[in-house]
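Visitor: Would you mind keeping the following structure in view while I ask a few things?
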Amino acid sequence: MESDALDVYRKLILIRRCQERIIAEYPQDEIKTPVHLGIGLEGVSVGVAHRLPLGTKSFGQLRNHGQYLALTGETDAYFLELYGKIGGTSDGKAGSMHLCAPGAGLLSTSGIVAATIPLAVGAGLAAKYRGSDAIAVAMFGDAAIEEGEYWDAFNFACLHGLRVLFVCEDNDLSIHTFGRDRRGFRSIAGAMRGWDCHVFEGDGTDVRMVLDVTGQALAAMSRDPKPAFTVFRWFRFLEHVGPNTDFHIGYRSAPSEAERLALDPVHRYEQWLLAHGVERTLLARIRSAIDDQIDRSVAAAKAAPYPDGRHLTEHLFR
Amino acid sequence: MIRTLSFGEAVNLALQHEMEQDPDVFCFGVDVPDHKRTFGSGVGLVEKFGRRRYFGSPLSEAGVAGVAIGAAMSGLRPVHIHARADFVLLCMNQLVNMASNKSYLSGGKLSVPLVVRAVIGRSWGQGAQHSKSMHGVFAHFPGLKVVLPSTPQDGYALLRAAIRDDNPVIFLEHRWLYDVRGEVDDEVRGALGTAAVCRTGSDVTIAACSWMTVEALQAARILAGAGVETEVIDVRSVAPLDGETIFASVRRTGRLVIADYDWTFCGFSAELAAQATEHCFSALRAAPVRLGFAAVPCPTTRPLETLFYPSAREIVGAVERLLGLPPIDLTGEVFNEYERRFKGPF
């Protein structure tokens, strides 16, 4: 098995294990920031990030942990930020919803879901302005399309032929409201087809399809400079915000065991690797190494000092 | 080089010099390359720099503000232009939820060197949706700088300083100023966050914002005729606020009139009155007096508009009351003279 395929596995596991660790730690109330976890979304986070040229400017929304981890691969600043400590991505001032890693190209993620989409278009405009063929990426949930800023930005990108990759992570849920109760159009991809852009769809629970579709989208933008809109379906296993499941509330039902496995991008990819001759022991070693990394980062985050009065006023202006 | 320019020409010169010296500076906004060129302030810039660097945007103020922020975070220096400040309300999510906190939330790793130029103020029946200023609203949010020049020199120097600044700056230009002429020295470097003492005097301090500085200087001239010496301070920068220049004056005069160009309730005048009271309490010989818009939406018809906006006349009246003076004879004084220079429709 080539190392690239295992690298994809490593990223999927990194995201899954970090989130499972947050779920385990959350009841201790030391992570005092609302977490919008993406268990089930890992295939999209990894499939897109893995295809991006180094230094690509990426933007996201509040369900951002997968995007952050897939782009950075690091867990020290990540857990320090979640624990609100010095040395976090922003010394604890950003918290879960505003994780960023400019060094890895992740410029901004936002609790106002559509608000970073125009920023990605601005990064795309800057690339075109400078005659660069660099792309910019906006990742957002399906409900972001209901915000006016989405259409403002999408129209601007199409009008100017900007190389912006729009990635719609479609779980059909806006907090607790299904798409059928929110949309006046028949399909997300269909709604984008009237615009001057490339449009692709895929199954976000299959990371190999996300890799493939993202590759196609990047190739299309490179050939024909205009935005690419991609939409990937995925299943949100947890509540909108927080570490728990929410099937008991009654607005949606729990998947059966067979459905659960079919919707789980990590399980699906693991099965594919095993079917293609990868040793179980190799996968176990990868998981174990990642668990060790997370253990070290969490221990360091718990031991680290909190910011103080000096940090409160620091960095308001440049 | 020193030359006599209108405020609009001074703004134009600032843009021209910045765009010449820095290829990363560009201007855009709704309809900005049209034949009117934002009250003339964009004359020649399309011709000189092309539509790559001076171009119109879709009618999407909210999203385009975000595009400007994203471009700024990518190293460019955008100037986002609005023909009315009222339209900036459409951009508030981007300016407040995004631009204002980018540096803070990234631990100083990111900056947003963005200038939002917006035209404020009265002229010829602009009514409730084309007349607001809102500098107090913008300044309320930490992380935004708010600048209101009132002279051609400041229009030039402060706009250049705003474009050079690595933070989001709201730059508010009063419509009547475009006709005001004055000397502009293009060697002068402006500094954001500084007030200007426009006239010295020992009897009363008038702190004024934007167009009210012009009104305050007219009032000062009238009052001087009655033997009252006023110190006129152009606030220029609401955020950051140069309180010390104002407080030093109030400590000398013991009296403060705040001539603001906004509503007084929860407005900048309330903030300045509170700060002056906190900092100069023992020096004050009377409570600070605030002048601003009438507490209603801006009416369109001329007689009501004249009642809505404060002018030199109201400043003179405020100083008379503050000093216990008999009313000054204002016969022969012309108020709102610039009103006549502006002909509509826009």
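Visitor: Among the residues of the stretch B:26-50, write down those that are surrounded by 18 or more Cβ atoms within 10 Å (Cβ to Cβ), outside any loop (DSSP other than H, G, I, E, B) and on the phi < 0 side of the Ramachandran plot.
Guide: B:PHE26, B:CYS27, B:PHE28, B:VAL30, B:LEU45, B:VAL46, B:PHE49
Visitor: From the set of residues in the stretch A:154-170 that are touching a Ser or Thr at 6+ places or on another chain (Cβ under 8 Å) and at the interface with chain B (Cβ under 9 Å from one of its Cβ atoms), which is surrounded by the most Cβ atoms within 10 Å (Cβ to Cβ)?
Guide: Out of the qualifying residues, it is A:PHE156.
Visitor: I need every pair where a residue in the stretch B:262-274 that is within 13 Å of B:PHE138 (Cβ to Cβ) has its Cβ under 6 Å from the Cβ of a residue that is aliphatic (A, V, I, L, M) and not in a helix (DSSP H, G or I), sequence separation at least 6 or different chains.
Guide: Filtered contacts from the stretch B:262-274: B:PHE268/B:VAL238.
Visitor: Determine whether the stretch B:6-21 contains at least one residue that is within 8 Å of chain A (Cβ to nearest Cβ) and either within 30 Å of A:LEU312 (Cβ to Cβ) or part of a strand (DSSP E or B) (or both).
Guide: Just the residues of the stretch B:6-21 that are within 8 Å of chain A (Cβ to nearest Cβ), to begin with: none.
The answer is no, given that none of the residues of the stretch B:6-21 is within 8 Å of chain A (Cβ to nearest Cβ) and either within 30 Å of A:LEU312 (Cβ to Cβ) or part of a strand (DSSP E or B) (or both).
Visitor: Right, here's the next one. Can you tell me which residue among B:ALA283, B:ALA248 is more than 27 Å from B:VAL119 (Cα to Cα) and in contact with a helix residue (DSSP H, G or I) (Cβ under 8 Å, 6 or more places away or on another chain)?
Guide: Of B:ALA283, B:ALA248, the one residue that is more than 27 Å from B:VAL119 (Cα to Cα) and in contact with a helix residue (DSSP H, G or I) (Cβ under 8 Å, 6 or more places away or on another chain) is B:ALA283.
Visitor: Check every one of the helices (runs of 4 or more DSSP H) wholly within the stretch A:204-281 and list those with 3 or more residues that are charged (D, E, K, R) and more than 30 Å from A:ILE135 (Cα to Cα).
Guide: Result: A:257-263.
Visitor: Here's another thing I want to ask about it. How about the stretch B:49-89: which of its residues are out of contact with any strand residue (DSSP E or B) (no Cβ under 7 Å at 6 or more places or on another chain), more than 9 Å from chain A (Cβ to nearest Cβ) and without any contact (Cβ under 8 Å) to a residue 40 or more places away in the chain?
Guide: B:PHE49, B:GLY50, B:ARG51
Visitor: Quickly run through the stretch B:298-330 and pick out the residues that are within 17 Å of B:TRP263 (Cα to Cα) and β-branched (Val, Ile, Thr).
Guide: B:THR300, B:THR306, B:ILE315
Visitor: Out of curiosity, is A:ARG63 at pLDDT 95 or above, within 26 Å of A:GLN216 (Cα to Cα), away from every other protein chain (no Cβ under 14 Å) and out of contact with any helix residue (DSSP H, G or I) (no Cβ under 7 Å at 6 or more places or on another chain)?
Guide: yes
Visitor: If you don't mind, there's one more thing I want to ask. Tally up the residues in the stretch B:90-131 that are within 13 Å of chain A (Cβ to nearest Cβ), on the phi < 0 side of the Ramachandran plot and not polar (S, T, N, Q), please.
Guide: Count: 15.
Visitor: Determine whether the stretch A:138-151 contains at least one residue that is aromatic (Phe, Trp, Tyr), surrounded by fewer than 24 Cβ atoms within 10 Å (Cβ to Cβ) and either under 20 Å from the mean Cα position of the chain (by Cα) or more than 9 Å from chain B (Cβ to nearest Cβ) (or both).
Guide: yes
Visitor: Kindly list the number of the only condition in (1) under 12 Å from A:PHE229 (Cβ atoms); (2) touching a strand residue (DSSP E or B) at 6+ places or on another chain (Cβ under 8 Å); (3) free of Cβ contacts under 8 Å to residues at least 40 places away in the same chain that fails for A:ASP196.
Guide: For A:ASP196, the exception is condition (2).
Visitor: Specify which of the listed residues (B:VAL228, B:VAL232, B:VAL316) is crowded, with 21+ Cβ neighbours inside 10 Å, within 26 Å of B:ALA161 (Cβ to Cβ) and either among the aliphatic types (A, V, I, L, M) or in contact with a Leu (Cβ under 7 Å, 6 or more places away or on another chain) (or both).
Guide: Details: B:VAL228 fails: within 26 Å of B:ALA161 (Cβ to Cβ); B:VAL316 fails: within 26 Å of B:ALA161 (Cβ to Cβ).
It is B:VAL232.
Visitor: Residues of the stretch A:48-60 being closer than 24 Å to A:SER174 by Cα, touching a Ser or Thr at 6+ places or on another chain (Cβ under 6 Å) and more than 14 Å from every other protein chain (Cβ to nearest Cβ), which ones?
Guide: Step one: filter the stretch A:48-60 for residues closer than 24 Å to A:SER174 by Cα, giving A:48-49, A:58-60.
Okay, now just the ones that are also touching a Ser or Thr at 6+ places or on another chain (Cβ under 6 Å), so A:48, A:59-60.
The answer is A:VAL48, and nothing else.
Visitor: Another question, then. Looking for whichever is buried (at least 24 other Cβ atoms within 10 Å of the Cβ) and either within 30 Å of A:GLU81 (Cβ to Cβ) or out of contact with any strand residue (DSSP E or B) (no Cβ under 7 Å at 6 or more places or on another chain) (or both) here; the options are B:GLN94, B:GLN129. Which one fits?
Guide: Details: B:GLN129 fails: buried (at least 24 other Cβ atoms within 10 Å of the Cβ).
The match here is B:GLN94.
Visitor: Further question: In the stretch B:207-249, what count of residues is obtained for those that are in a strand (DSSP E or B) and in contact with an Asp or Glu (Cβ under 7 Å, 6 or more places away or on another chain)?
Guide: So the count comes out to 2.
Visitor: Looking at the stretch A:93-107, which of its residues are more than 7 Å from every other protein chain (Cβ to nearest Cβ) and either closer than 10 Å to B:SER106 by Cα or touching a strand residue (DSSP E or B) at 6+ places or on another chain (Cβ under 6 Å) (or both)? It would help to see each step written out before you state the result.
Guide: Taking the stretch A:93-107 as the starting set, the residues that turn out to be more than 7 Å from every other protein chain (Cβ to nearest Cβ) are A:95-97, A:99, A:101, A:103-106.
Residues satisfying the conditions are A:LEU99, A:ALA101, A:GLY105, A:LEU106.
Visitor: Under 7 Å by Cβ, and 6 or more places apart or on different chains, what pairs join a residue from the stretch B:290-312 that is part of a loop (DSSP other than H, G, I, E, B) with one that is among the hydroxyl-bearing types (Ser, Thr, Tyr)?
Guide: Listed by first residue and then by second, the contacts come to B:CYS298/B:SER131.
Visitor: A further question follows. Examine the stretch A:282-304 for a residue that is in a loop (DSSP other than H, G, I, E, B) and loosely packed, with under 14 Cβ neighbours inside 10 Å, and state whether such a residue exists.
Guide: Taking the stretch A:282-304 first, the residues in a loop (DSSP other than H, G, I, E, B) are A:304.
From what's left, loosely packed, with under 14 Cβ neighbours inside 10 Å: none.
No - not one qualifying residue is present in the stretch A:282-304.
The values are calculated or read from the model by the stated rules, or taken from the named source; none is laboratory data. The model shown is predicted, which means the values in this text are computed figures rather than measured ones. Using ideal geometry, Cβ is built from the backbone for each residue, glycine included, and neighbour counts are taken over all protein chains shown.
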